[in-house]
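Only one structure is covered here, and it is reproduced in the block below.
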Amino acid sequence: MSGPTPLYPVNLKIAGRLCLVVGGGPVAVRKVESLLVGGGKVLVVSPEAAAPLRRLAQAGTIEWRQRPYRAGDLDGAFIVIAATNQPEVQRQVARDAAAGRVLLNSTDDPLACDFQVPSQLKRGDLLITVSTGGASPAFSRRIRESLEAEFGWEYGVIVDLLGRLRTLVMGGGGDAANHALVFRDIMELDLVGRIRETDWDGLVGVLKTALPPHLDPEPVVLALVEVASREKNEFSL
């Protein structure tokens, strides 16, 4: 007996691309919200739509075609998510997606999918995903919930900090081997604790121990204060 088809993990760029969602219920709401986070241009096709989708359509954030699905709805789509409770519609979307070479996610049929949408934990630019290959979304969600307590708002700030430090270090001379040594030392620092306590002076101090003497981390840390405030506020909502 053969096992499930192995999946190749990727982070897909959908910003500005047409993302079709067929269906208007609670599952469709979750899919649309996730697509919007990724910057997708969202089109919903469904005779009815849940209140959150109606509000998004009224605000012009998404387009809603208030009618049943038609094959032509796939024209120009980058991905399509079939999220109805009608098996025949789900199968038709899958057939049309295969014929049109449009990437498909079908919420009721993992085997028909070209891609799975994993359970996601996002902290700024840090994205942690958990997948069971479609076998148990509930288990993926349970694991993600356990990770939420471990990875707080400060981890999004750390990613932002490391990106800024990478620019600083690579622009400060030296070769790749030296850069690697610097970042190895940075990884040994208590970044989490300093940021969680908003100890900016302390953060500057420990970064100076890891950076070459000619590189000043203070401007980087000062720029981080606003980022930290935003991440902390969003986390507490």
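Scanning region 136-147 for residues that are surrounded by fewer than 16 Cβ atoms within 10 Å (Cβ to Cβ) and out of contact with any strand residue (DSSP E or B) (no Cβ under 6 Å at 6 or more places or on another chain) yields a total of 6. Report the residue count in region 166-206 for those that are closer than 24 Å to ARG230 by Cβ, assigned to a helix (DSSP H, G or I) and in contact with a helix residue (DSSP H, G or I) (Cβ under 7 Å, 6 or more places away or on another chain). Looking only at that region, the number is 12. Within region 1-48, the residues that satisfy the criterion of being over 24 Å from SER136 (Cα atoms) and surrounded by fewer than 16 Cβ atoms within 10 Å (Cβ to Cβ) are LYS13, ALA15, GLY16, GLY39, PRO47, GLU48. Suppose the filter is modelled with pLDDT of 95 or more and β-branched (Val, Ile, Thr); does VAL206 pass it? Yes; evaluated as a whole, the condition is true for this residue. No other residue among GLY134, GLY174 is outside the structural domain of SER34 (by TED's automatic domain parsing), small (Gly, Ala, Ser) and over 30 Å from VAL22 (Cβ atoms) apart from GLY174. Among the residues making up region 179-202, those that are in contact (Cβ under 8 Å) with a residue 24 or more places away in the chain and out of contact with any Gly (no Cβ under 9 Å at 6 or more places or on another chain) are ASP185, ILE186, LEU191, ILE195, THR198, TRP200. Scanning region 50-81 for residues that are closer than 24 Å to GLN116 by Cβ, surrounded by 14 or more Cβ atoms within 10 Å (Cβ to Cβ) and in contact with a strand residue (DSSP E or B) (Cβ under 7 Å, 6 or more places away or on another chain) yields LEU53, ILE62, TYR69, ASP73, LEU74, ALA77, PHE78, ILE79, VAL80, ILE81. Taken together, the residues in region 107-141 that are outside any strand (DSSP E or B) and polar (S, T, N, Q) amount to 6.
The values are calculated or read from the model by the stated rules, or taken from the named source; none is laboratory data. What you are looking at is a predicted structure, and each value in this text was computed from that prediction instead of being measured. Neighbour counts run over all protein chains shown; Cβ positions are idealised from the backbone, glycine included.
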